[in-house]
Amino acid sequence: MNIMGRSNSCNKSFCSNYMLLKPEECSALDLAGILFSSKNMGQRKFLDCPYEQMTTKVLFPHRWIIFISILVQKILLAIAEPLAKLGNATEYWLNLQNVNGGLLRLIFNFLRGKVVVVPDKKSATFLSFVGNLDKRVELDIKSTNIEVGSRRYDEAIITMMAAKVAYENKAFIASVVKDHWKMDLVDSYDFWNDYEEKATTQAFVLQDKNVGAELIIVAFRGTEFFSSDDWISDFDLSWYEIPGMGKVHAGFMKALGLQKNRGWPKHIEQTVNNQPSPAYYFLRKLLKQILEKNEKARFVVTGHSLGGALAILFPAILGFHEETWLLKRLVGVYTYGQPRVGDEIFVEYMKGKLAKHEVPYYRVVYCNDLVPRLPYDNSTFMFKHFGTCIYYNSLYKEKILDEEPNKNGWDVLLFIPKMLNAAWELIRSFILPLPCFGGRKYKESGLLFIMRVIGLLFPGVPAHCPQDYVNATRLGSSI
């Protein structure tokens, strides 16, 4: 049975079909029943869908994927609070070392009775967990192998770094943009998720006036390492089918600003009581205001991981609302380690919109990164990638492909080669900083070294870290 099947009946007025997983309503008995019972899946309270096909027999591979998705989401819901506390403690400990000159100096000063500097979470020196994996903030234009003077040169230099910096706090972002990049920060924002009833999405906007035509960059933050909300968005396989657009990942749409029970109305009422605005509606209005002041100005959107999914969804909804004027000013979408967003109909919809307005879309994938291979592109869910796939192997050699190798990431025959590649990446972390290779600017942090070790058992996890994507944009060369 095809879980992405069509039905004419739907009680959601904004969509023609849907499948929604509700892990909070799935008991342990229900969870076991997914594996051992193939009937009446659609009648169970944890699966909301309108079509009659779900009352028929569901094949085991399909049930297994639903089982894993719900199980992971239930675990994330259960550990949300302790995970957040662990994240706060971990980031505090890492930053305590940073502001005191490292672990050894921190211990030495403590033993000598010297004052220990306490990190301020809102300061311009406080780094997130992702930021501690790779502390580089400079654009380092001279090191790139992309052709100087090309438009892709101008945009590729900044978009990956913007996608990385988007993980940080407001003060840090402001400091990097103004002091290191010598650009103008419009602002950084927290955006409302109507389904979560809280702000779960972050992005910042900057203006680069150092180029011939002013360039505006919108950078969406990706998945925060210790955020259950973000990981649930990634693992939730729920989808809505929007007429004329196709089936789209529900979690990503909710993060961008999907309105509860209303879908994507072209306009919404202004928020009240200091409630943040939804990302899509706020950024659309902001871009119009900025671009109207300069007819030559253009903009790009970017993001890493979940941020990449939001970056490509943003023009999708602009196209849905026939925002032609804005789409004509969009000169590129750059995503890094982006998961799949929609089905084949969505792919064709986006190809048409991007081609009509001549918008290039570059989807960068590093080696065995697991996230771009999710959700699955198979007969069950049929999520698809599109755009120009710029693929880098572990030598940072570039290939232009239609799809990354091992597209779903679960080829058993490739598990041992992936483990060997993870071992090479660990060895490479000692080689790359040598003067005859990359140099000291490519020295990896102790935290990333731990991630590399974890990668020996779970290949594809450390490959998702921004470090390798930054290296790829700087050291990458064509094969």
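The values are calculated or read from the model by the stated rules, or taken from the named source; none is laboratory data. Since the structure is predicted, the reported quantities are computational estimates derived from the model, not experimental observations. Virtual Cβ from ideal backbone geometry, glycine too; neighbours counted across all protein chains shown. Accessible surface is based on the protein model in full, side chains and every heavy atom, while ligands, DNA and RNA are left aside. Shrake-Rupley method; radii C 1.70, N 1.55, O 1.52, S 1.80 Å.
In table form, for the structure just shown:
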item	result
Convex hull volume per residue for the range 201-248, taking Cα atoms only, in Å³	121 Å³
Compactness index (Cα Rg / 2.2 N^0.38 Å), the range 419-469	1.07
Dipole axis of the range 126-476 (+1 Lys, Arg; -1 Asp, Glu on Cβ), positive-most option in LEU237, PRO417, PHE383	PRO417
Cα centre as origin, Lys/Arg/Asp/Glu Cβ charges: the chain dipole, Debye	540 debye
Listed residues TRP192, TRP93, TRP181 arranged by accessible area, highest first, probe 1.4 Å	TRP93, TRP192, TRP181
Principal semi-axes in Å for the range 328-413 [√(5λ), Cα gyration tensor, largest first]	23, 18, 9
Helix 306-320 vs. the chain, principal-axis angle (Cα, 0 to 90°, nearest 10)	50 degrees
Rounded to 10°, Cα long-axis angle of helix 466-475 versus longest principal axis of the chain	60 degrees
For q = 0.15, 0.19 Å⁻¹, Debye-computed log10 I/I(0) when each Cα of the range 354-479 counts as one equal scatterer	-0.74, -1.10
Average accessible surface area per residue within the chain, 1.4 Å rolling probe, Å²	44 Å²
Label-point separation, LYS114 to LYS397 (7 Å along Cα→Cβ), nm	4.9 nm
Compactness relative to 2.2 N^0.38 Å, alpha carbon Rg of the range 291-379	1.13
Cα-based reach from LYS74 at 23 Å (exclusive), listing lysines while leaving out same-chain residues under 8 positions away	LYS22, LYS39, LYS45, LYS85, LYS198, LYS254, LYS260
List PHE383, PHE36, ordered by accessible area with a 1.4 Å probe, largest first	PHE36, PHE383
Calculated log₁₀ intensity ratio I(q)/I(0) where the Debye formula runs over C-alpha points of the range 126-476, q = 0.10, 0.14, 0.15 Å⁻¹	-0.57, -1.17, -1.37
Translational diffusion of the range 89-240, µm² s⁻¹ [Kirkwood Rh, Cα pairs; Stokes-Einstein; 10 °C; 1.306 mPa s]	90 µm²/s
Long pairs among LYS122/LYS288; LYS164/LYS441; LYS135/LYS443; LYS353/LYS384, criterion Cα-Cα beyond 19 Å	LYS122/LYS288
The range 287-327 - convex hull of the alpha-carbon atoms, volume per residue in Å³	64 Å³
ASN17 long-range amide H proximity, modeled H, under 5 Å	GLU241
Sequence-distant lysines (8 or more away, or on other chains) whose Cα lies within less than 17 Å of LYS209	LYS178, LYS182, LYS293, LYS296
Ranked packing of 220-229, 80-89, 422-431, 293-302, most packed first, by mean Cβ within 10 Å	220-229, 293-302, 422-431, 80-89
Spherically averaged projected area of the range 158-268 from its Cα convex hull (nm²)	8.6 nm²
